[in-house]
1. Can you work out ³J(HN,Hα) from phi for every residue in the range 180-196, in order, using Karplus 6.51 cos²θ - 1.76 cosθ + 1.60 and θ = phi - 60°, giving whole Hz and x for Gly and Pro?
2. So, for the range 128-193, what is the accessible surface per residue at a probe of 1.4 Å, expressed in square angstrom?
3. Give the relative contact order (percent, whole number) for the chain; include only Cα pairs under 8 Å separated by 6+ residues.
4. Spin-label point model (7 Å from Cα, Cβ direction): what's the ALA71 to ALA102 distance in nm?
5. Per the 1.4 Å probe, what fraction of the accessible area of the chain, in percent, lies on carbon and sulfur atoms?
6. With every protein chain left in place and a probe of 1.4 Å, what is the accessible surface of ASP13, to the nearest 10 Å²?
7. Loop only by DSSP, 11 or fewer other Cβ within 10 Å of the Cβ. Give me the GluC sites (Glu not before Pro) in the range 10-93 that pass, ordered by residue number.
Amino acid sequence: MTRPPFPTAVIFDLDGVLVDTARFHLAAWRRIADELGFEFDDEVGEALKGVGREAALLVLTRSGGVELDAATAERTAQRKNRYYNESLATLDASAFLPGAEAALGWLHGRGIPIALASASRNARTILVACGIEDRFDAIVDGTSVPLAKPDPAVFLAAAAAIGVDPSEAIVFEDAIAGVDGALRAGCRVIGVGDPAVLLRAELTVPDLTGVDWPALMGRA
């Protein structure tokens, strides 16, 4: 299938793209590392972005040279989620990252399909807390697609849910695993963050204020 000249739909990651909840995840994982007796550096923190809870725990424990049996790993992952959920109790619209609210408003106002593709199992809780759940035509998260990025499943499901071919969608991602998964799904990808990290993205912006939406979507 020939890729259309302009995308017809937008798929967003959540943490680190629309809202600043990534800091809550990192704080929770840092607390787990402290409990297990080691520290993790920025490189490991980057590797945890966009990864499902069980996979993230494996990345973390390997970085610290720690092995957990299955039962301990499950309890540890649940404990991390409890720490994270405790942090979410403080969440409100102030968590929006620059340009996020305006981007959703511009797209929604023009009838452009918007989907969420997030590894988070707390995605709906976050969207409701920030008051933006109604901006999305489809929400695909860790509760509906168990395969974690860089598996393309969450992006394929998001594209299907809004009725577009993956080649028609453009994805906004802040994590290496997310960029790789979106590309494997056949989507275009714009990275949000450091271009030296998100090397495979079509282009990279520091945040959503750097996006020229009319030009990108062919609505100029």
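1. Along the range 180-196, the couplings run 4, x, 5, 5, 5, 6, x, 8, 7, 9, 10, x, 10, x, 8, x, 6 Hz.
2. Counting only protein heavy atoms, the per-residue value for the range 128-193 is 34 Å².
3. Relative contact order of the chain: 27 percent.
4. Reported label-point gap for ALA71 and ALA102 is 5.5 nm.
5. C and S atoms contribute 51 percent here.
6. 10
7. Answer in residue order: GLU39, GLU67.
The values are calculated or read from the model by the stated rules, or taken from the named source; none is laboratory data. Source: prediction; values computed, not measured. In this analysis, Cβ positions are derived from the backbone assuming ideal geometry, glycine residues included, and neighbour counts consider all displayed protein chains. Accessible surface areas use protein heavy atoms only, side chains included; no ligands, DNA or RNA. Shrake-Rupley method; radii C 1.70, N 1.55, O 1.52, S 1.80 Å.
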